[in-house]
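Worksheet for the structure shown next.
Nothing in this text is a laboratory measurement; each read-out follows from the coordinates by a stated rule. Computed from a predicted model, the values in this text were never measured in an experiment. Neighbour counts are summed over all protein chains in view; Cβ atoms, including those assigned to glycine, are modelled from backbone coordinates with ideal geometry.
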Amino acid sequence: DKNCVIFYMHQDKHFRWEEEKCTDGSKWRFLEHKGPVFPPPYEPLPDRVRFHYDGKAMKLSPGAEEVATFYAKMLDHEYTTKDIFRKNFFKDWRKEMTSEEKSKITELKKCDFTEMHEYFKAQSEARKQMSKEEKQVKNERILQEYGYCVMDNHRERIGNFRIEPPGLFRGRGDHPKMGKLKRRIRPEDIIINCSKDSVHPKAPPGTRWKEVRHDNKVTWLVSWTEKIQGSIKYIMLNPSSRIKGEKDWQKYETARRLKKIVERIRAQYREDWRSKEMRIRQRAVALYFIDKLALRAGNEKDEGETADTVGCCSLRVEHIRLHPQMDGQDYVVELDFPGKDSIRYYNKVSVEKRVFKNLQLFLENKQAKDDLFDRLNTSILNKHLQELMDGLTAKVFRTYNASITLQQQLKELTSSDDNIPEKILSYNRANRAVAVLCNHQRAPPKTFEKSMHNLQTKIDEKKKQLSAAKKELKAAKADAKTLRDEKSKRVVETKKKAVQRISEQLMKLEVQATDREENKQIALGTSKLNYLDPRISVAWCKKLGVPIEKIYNKTQREKFAWAIDMTDEDFEF
DNA sequence: GTCCGCACTTAGAATAAGTAAC
DNA sequence: GTTACTTATTCTAAGTGCGGAC
């Protein structure tokens, strides 16, 4: 049966497999869990920790105090300097005040939260001082009780089994709702999903769930509606689970099917650049961007509710500039737009003449705020892609291009003669090429300069050590030449080994420095976790004798257990 | 087509844990 | 043992894409 999926996975060293998946869209047959873990209730501040308004100490009602602490905790965060954040916070805070407080506290800038801030800083300091065991015993107990569920005969790890604690909404970029109050979630807000014939999770004493349902067409265990955006939040399984692993595997198999026909698709969209129909030209140019530049699809977003970010289909005139000539290249397209998480995408790319001419056409008679692709959206694009290949959507191109790039780069950069640190540097460089393609950026770590400096100091020291060791070797050799006895020969050998060891250490440090410098603003984790077929990495490790632990940490090995299990060194993406 | 609800993947930041240096 | 820094894990926001109602 084609629809049957056989899934192999190691867990607890027992070979485990699932087969005969149902084809009716059901995701499980049995599901039992203990429900979510709620954050602890609010603990009022001790009286000595005071809030000041307009220079005077003021005791707040518990409700108002709790919301004030959310702000106090963020005092040294940039958020609290932003107007929108402050405005949204103050508005929602006032809703929690008694009428007396409301009439007194009328301006945020007269509020002084510093004592509260200091108090929380001291608390988190104290928490750090707690012994390892103290923290772990409690965490471990909760993890064992709530961190696992049973799904179809297997005990599976749950991803996020804790309910999000109340706080202030931290939207990314220029988010219009940043600073708004994220209310405490109550059991009455929560929907439980589990098997009818399982032991249902108990709501905390004196409370009840909003609903208990038994829907095996979905994978979530717990859900609730988040009131700031009105979206639904879920508790789902850990990436190491069968249900996630299988889906992940499927994702890469879809990308591999794209590989087989991608040249045909490319030929077609190039053909479509000449279409008589505007909608087809737009579709073809957008697809070219998605394929060549690994752009995201770009769904529409509700204006005013979210930060203004775009993807391919939602690009506007203001995000693109055309340069017939630039830096010695023809037909240069300059793209500059805020992407997912408001990360800036900036790129100058030389394109084919037809693409350039089409873009000129799309821009004609338009204003800065107008859509570049006015006859296109993600739904139209994906419908077209679906016709080209079963399961093909815009994001499959990102997966495909990321994985194929890793495979090519690994081939290009690594040689079996390299030593392990060199191989790992090459792996990281291949990974980096993908991260650059996918525009995975990070803020340079706060300690970056210092840590680079420290590393350089280490390198300098190691260099001194090396020259000293070389000197000693030379002297030993001279001794051996004159004395010609066994003992001095042995000394030469030891010194030789020392030189070798130290120069190896130096090389390692230098490689590390290069790696770190090149990684300053680039985040490798996202591509490694979400875009790179793990079988490419596993095969590479096997072929070149690199231990898998050098590439994947424990969590990653758990997530990719299926790939580690099934892949031999000949695997080709 | 358009809109909307829903479920799921992808994302960088924040925080915790681990480790090396002192 | 403590501190300083690195790495792993957690957190939750922000995307994608599907399907159904109109």
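A few points about this structure:
- Extension gain for A:Glu504 to A:Asn299 (0.36 nm times residue separation, less C-alpha to C-alpha distance): 68.7 nm.
- At an R0 of 45 angstrom, the distance between the Cβ atoms of A:Glu334 and A:Met58 translates into a FRET efficiency of 0.25.
- Once both labels are positioned 7 Å from their Cα atoms along Cα-to-Cβ, the gap between A:Gln129 and A:Glu226 label points is 3.6 nm.
- A cut-off of 5 Å between modelled amide H atoms, ignoring neighbours fewer than 5 places along the same chain, links A:Lys182 with A:Gly167, A:Leu168, A:Phe169.
- Helix-only mean residue ellipticity at 222 nm for chain A, each DSSP H run of n ≥ 4 adding -39500 (n - 2.57), per residue, nearest 500: -15500 deg cm²/dmol
- Shape of region A:106-169, Cα gyration tensor, a/c cut at 1.5: oblate
- Other residues within the sphere of radius under 10 Å centred on the Cβ of A:His52, judged by their own Cβ, net out at 0 (K and R +1, D and E -1).
- In this structure, the residue pairs whose Cα-Cα separation is over 31 Å, taken from A:Lys138/A:Lys458; A:Lys27/A:Lys138; A:Lys496/A:Lys550; A:Lys508/A:Lys528, are A:Lys138/A:Lys458; A:Lys27/A:Lys138.
- Rounded to the nearest 20 debye, the dipole size of chain A about its Cα centre is 1180 debye, using +1 on the Cβ of Lys and Arg and -1 on the Cβ of Asp and Glu.
- Using alpha carbons only, the radius of gyration of region A:371-481 set against its Kirkwood radius gives Rg/Rh = 1.29.
- Loop-located GluC sites (Glu not before Pro) in region A:498-573 whose Cβ has at most 14 other Cβ within 10 Å (DSSP): A:Glu569, A:Glu572
- Region A:487-573 - Rg (one decimal) and Dmax (whole number), Cα, Å: 18.6, 58
- Within the straight-line cut-off of under 18 Å between alpha carbons, the aspartates and glutamates reachable from A:Lys82 are A:Asp92, A:Glu107, A:Asp112, A:Asp174, A:Glu305, A:Asp308, A:Asp341, sequence neighbours fewer than 8 places apart in one chain being disregarded.
- Relative contact order, percent, chain A [alpha-carbon distance under 8 Å, six or more residues apart]: 12
- Within straight-line cross-link reach of A:Lys233, aspartates and glutamates at Cα separation under 17 Å, skipping those fewer than 8 residues along the same chain: A:Glu164, A:Glu188, A:Asp189, A:Glu211, A:Asp215
- The Rg/Rh ratio of region A:22-91, with Rg taken over Cα atoms and Rh as the Kirkwood radius over Cα pairs, comes to 1.29.
- Cα gyration tensor shape for region A:192-305, rounded if a/c is under 1.5, else prolate or oblate: prolate
- Alpha-carbon centroid distance for the pair region A:400-428 / region A:173-239, whole angstrom: 43
- 13 Å tail of the calculated P(r), region A:51-129, as % of Cα pairs: 68
- Annotation: the antiparallel percentage among DSSP beta bridges lying fully within chain A is about 90.
- Computed over Cα pairs, the Kirkwood radius of chain A leads via Stokes-Einstein (1.306 mPa s, 10 °C) to a diffusion coefficient of 55 µm² per second.
- Interatomic Cα distance distribution for region A:402-566, bins of 5 angstrom, percent: 1, 8, 14, 14, 15, 12, 10, 8, 6, 5, 3, 2, 0
- A straight Cα-to-Cα reach below 22 Å connects A:Lys489 with the lysines A:Lys470, A:Lys471, A:Lys474, A:Lys477, A:Lys481, A:Lys497, residues fewer than 8 places away in its own chain not being considered.
- Global form of region A:367-410, assessed from the alpha-carbon gyration tensor, a/c cut-off 1.5: oblate
- The loop-placed trypsin sites (Lys or Arg not before Pro) in region A:322-398, going by DSSP, that have at most 11 neighbouring Cβ atoms within 10 Å of their Cβ come out as A:Lys369.
- For the cross-link pairs A:Lys292/A:Lys357; A:Lys87/A:Lys177; A:Lys247/A:Lys543; A:Lys102/A:Lys180; A:Lys95/A:Lys177; A:Lys260/A:Lys292, the ones whose C-alpha atoms lie over 19 Å apart are A:Lys247/A:Lys543.
- For A:Arg162, the amide hydrogen comes within under 5 Å of the amide hydrogens of A:Val37, counting only partners 5 or more places away or on other chains and with H modelled in the peptide plane.
- Summary of packing: across the peptides A:521-532, A:428-439, the per-residue average of other C-beta atoms within 10 Å ranks them, highest first, as A:428-439, A:521-532.
- Taking only Cα atoms of region A:273-392, radius of gyration then Dmax in Å: 14.1, 43
- For region A:335-421, size of Cβ-based charge dipole, Lys and Arg +1, Asp and Glu -1, in debye: 320
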